[in-house]
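Readers should treat all values here as calculations from the given coordinates under stated rules, not as data from a laboratory. Quick caveat: nothing in here was measured; it's all calculated off a predicted structure. No Cβ is skipped: glycine too gets one built from the backbone with ideal geometry, and neighbour counts run over all protein chains shown.
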Amino acid sequence: EFSELTNAFDLVIDCAGSSELLEKSLGATEKKAILLLLGNHHESLSINPSAYAKILRHELALYGSWNSSIFNTPNEWDECLQMMADGRANTEELIKCRRPLSRIVETFNELRDKKIESVKCIIKPGE
């Protein structure tokens, strides 16, 4: 259970974009950890005072990366899905690597060492 992981990780990546998960992500970090924020927030974002204090006391580093527009119409995600549906975007050329979760460490090492020639590698948790 994710909520049971406290002070466990030196890097946490939040791809969800919710206040609740942000607080859980902060709780999972160890001292001087990095929290990478990728999820788009669609409403007000808030964290409780103890989570904010952990950022300060544990000297956490927060980084963010813009991944899509959430306010423009049409939405970039919808446009990409349409391009995939009508054949204008060939994702098979991008995703040549599919691995089970049990091989994640090996896969990351192979990606780092450029032994896998793929833009994306899909990790399948259920396998």
The range 17-127: radius of gyration over Cα atoms, expressed as a fraction of 2.2 N^0.38 Å: 1.37
Globularity index of the range 8-62, i.e. its alpha-carbon radius of gyration over 2.2 N^0.38 Å: 1.03
Packing rank of 115-126, 33-44, 14-25, 49-60, where each peptide gets the mean count of other beta carbons within 10 Å, highest leading: 14-25, 33-44, 49-60, 115-126
Potential lengthening between PHE108 and ASN48 on full extension [0.36 nm per residue; Cα-Cα distance subtracted]: 18.2 nm
C-alpha long axis of helix 19-28 to longest principal axis of the chain, angle in °: 70
Solitary cysteines of the chain, where the nearest other Cys Cβ is not under 4.7 Å: CYS15, CYS80
Degrees separating the helix 76-85 axis from the principal Cα axis of the chain, which is the longest one: 30
Helix-derived mean residue ellipticity, 222 nm - over the chain, DSSP H n ≥ 4, -39500 (n - 2.57), to 500: -8500 deg cm²/dmol
Radius 11 Å from Cβ of ASN7, net charge of other residues (Lys, Arg +1; Asp, Glu -1): 0
Count, lysine Cα pairs under 14 Å in the chain, 8 or more residues apart or across chains: 7
